[in-house]
Amino acid sequence: MEENTTQKKKKKKKSGIFYKIYSGNILRDERITKNAGLFALVIFYIIIYISNRYAFQQELHKISDLKDEVKILKYDVLTQQSELSEKGRQSHIEKYVKESESELGIATQPPYLIE
């Protein structure tokens, strides 16, 4: 009688879920083998989900970098516009003409219309 109870305990221990997972016998279980295709499909979708998320994070990183680059380029454009407006002022042009010793000068007569 004692032998029967010890054998039953050993069988219970060997038939436990942790033992099946540890020994690899869970892969021979009927429920697992019947649904192997479903498990493969779920694993495939999980892999697709993870790779999709990774690609999305990479795109977000690129967008962030491009936004920073656009901000820098906007500052450069503003700087160049201010320099151009400074160089286009009448006083700056008169100064440049005087320094270059050209024959150009300020008109003494107002412009008139030719008819």
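The values are calculated or read from the model by the stated rules, or taken from the named source; none is laboratory data. Not measured: the values here are computed from a predicted model. Positions of Cβ are backbone-derived with ideal geometry, glycine not excepted, and every protein chain shown enters the neighbour counts. Heads up: the accessible areas ignore ligands, DNA and RNA and are worked out on the full protein's heavy atoms, side chains in. Shrake-Rupley method; radii C 1.70, N 1.55, O 1.52, S 1.80 Å.
The figures follow:
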{"item": "Residue match in the stretch 93-110 (condition: more than 30 Å from Lys20 (Cβ to Cβ), among the β-branched types (Val, Ile, Thr) and surrounded by fewer than 10 Cβ atoms within 10 Å (Cβ to Cβ))", "result": "yes"}
{"item": "Residue match in the stretch 50-62 (condition: part of a helix (DSSP H, G or I) and either modelled with pLDDT under 95 or over 32 Å from the mean Cα position of the chain (by Cα) (or both))", "result": "no"}
{"item": "Contacts under 8 angstrom Cβ, first residue in the stretch 92-115 being under 23 Å from Ser82 (Cβ atoms), partner of a type in the set (A, V, I, L, M, F, W, C), 6 or more apart", "result": "Glu94/Ile106; Val97/Leu104"}
{"item": "Qualifying positions in the stretch 69-87 - under 29 Å from the mean Cα position of the chain (by Cα), open to solvent by 80 Å² or more (accessible area, probe 1.4 Å) and of a type outside the set (Lys, Arg)", "result": "Glu69, Ile72, Leu73, Tyr75, Leu78"}
{"item": "Test: residue in the stretch 14-21 that is surrounded by 10 or more Cβ atoms within 10 Å (Cβ to Cβ), part of a helix (DSSP H, G or I) and at pLDDT 80 or above", "result": "yes"}
